[in-house]
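Okay, structure first, notes after.
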Amino acid sequence: MKITRINHLAYNVAGAGAEARSFYTQFLGLPEVPISFPGRAPVMGSDRGFWVEQGGLQMHLIGVEKTGEPREPVNTHVSWYVEDLEAAIAEIRAANLDMREMTGDVGHIVWISDPAGNTLEFQQDPLVNPTR
């Protein structure tokens, strides 16, 4: 798997959304940016969370309650862009790692857990054409 760059970091702030928004945008001074997914209209002021960005790096503050499932998308995680997502998926499968996938109007996203149970997310780098 070839990681090309970081996509975003995410913290779960369920139950503390208003306080978290104030902390990150007012206290820390990070600019809030629209939540945007391919094929969907950008959203600001959502009660399901918010995104901030500084220096080209986004942090997603997720206001959806966790269920406790492994590789849960709303869990705290780091998202990485990869050179070729399909090749990365093949490597994940070859390593017999449990994986969670989402496809559809938000694109193709994959989550795995590291040996300590931390969630990692992988997406195709939109700046790289996969070699197939």
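The values are calculated or read from the model by the stated rules, or taken from the named source; none is laboratory data. In this text, all values refer to a predicted model and were calculated from it rather than measured experimentally. Note that each Cβ is placed from the backbone with ideal geometry, even for glycine, and that neighbours are counted across all protein chains shown.
Collect the residues in segment 25-51 that are surrounded by 14 or more Cβ atoms within 10 Å (Cβ to Cβ) and more than 17 Å from V74 (Cβ to Cβ), keeping them in residue-number order.
Correct list: T25, L30, E32, V33.
Among all residue pairs at least 6 apart or on different chains, which show Cβ distances below 9 Å where the first residue, located in segment 4-20, is touching a residue at least 40 places away in the same chain (Cβ under 8 Å) and surrounded by fewer than 14 Cβ atoms within 10 Å (Cβ to Cβ) and the second is not β-branched (V, I, T) and not in a strand (DSSP E or B)?
R5/D125; R5/L127; G15/G63; G15/E65
Find all pairs meeting these conditions: Cβ atoms under 6 angstrom apart; at least six residues apart or on different chains; first residue within segment 40-68 and free of Cβ contacts under 8 Å to residues at least 60 places away in the same chain and under 19 Å from G107 (Cβ atoms); second residue surrounded by 15 or more Cβ atoms within 10 Å (Cβ to Cβ) and polar (S, T, N, Q).
Short answer, once both residue conditions are applied: W51/Q58; I62/N12.
Restricting to segment 74-132, count the residues that are hydrophobic (A, V, I, L, M, F, W, C), exposed (fewer than 12 other Cβ atoms within 10 Å of the Cβ) and in contact with a helix residue (DSSP H, G or I) (Cβ under 8 Å, 6 or more places away or on another chain).
Filtering segment 74-132 down to residues hydrophobic (A, V, I, L, M, F, W, C) leaves 74, 78, 80, 82, 85, 87-90, 92, 94-95, 97, 99, 102, 106, 109-112, 116, 120, 122, 127-128.
Subset that is exposed (fewer than 12 other Cβ atoms within 10 Å of the Cβ): 94-95, 116, 127.
From the residues that got through so far, the ones that are in contact with a helix residue (DSSP H, G or I) (Cβ under 8 Å, 6 or more places away or on another chain) too are none.
The qualifying residues number 0.
Quick check on my filter: what residues within segment 93-105 are under 19 Å from A10 (Cβ atoms) and either of a type in the set (F, W, Y) or not in a loop (DSSP other than H, G, I, E, B) (or both)?
R100, E101, M102
Can you work out which of the residues in segment 1-33 that are part of a strand (DSSP E or B) and of a type in the set (S, T, N, Q) is farthest from I62 (Cα to Cα)? Step through it out loud before you land on a result.
First pass over segment 1-33, keeping only residues part of a strand (DSSP E or B): 3-12, 32-33.
This time we only want the ones that are of a type in the set (S, T, N, Q), so: 4, 7, 12.
Values: T4: 24, N7: 16, N12: 5 Å.
Filtering first and then ranking leaves T4.
Within segment 79-113, how many residues turn out to be of a type in the set (G, A, S) and at pLDDT 95 or above?
Residues that pass the stated criteria total 6.
Tell me which residues, restricted to segment 85-108, are of a type in the set (A, V, I, L, M) and either out of contact with any Lys or Arg (no Cβ under 9 Å at 6 or more places or on another chain) or touching a residue at least 60 places away in the same chain (Cβ under 8 Å) (or both).
As a first pass, look at segment 85-108 and keep what is of a type in the set (A, V, I, L, M): 85, 87-90, 92, 94-95, 97, 99, 102, 106.
Hits for segment 85-108 are L85, A87, A88, I89, A90, I92, A94, A95, L97, M102, V106.
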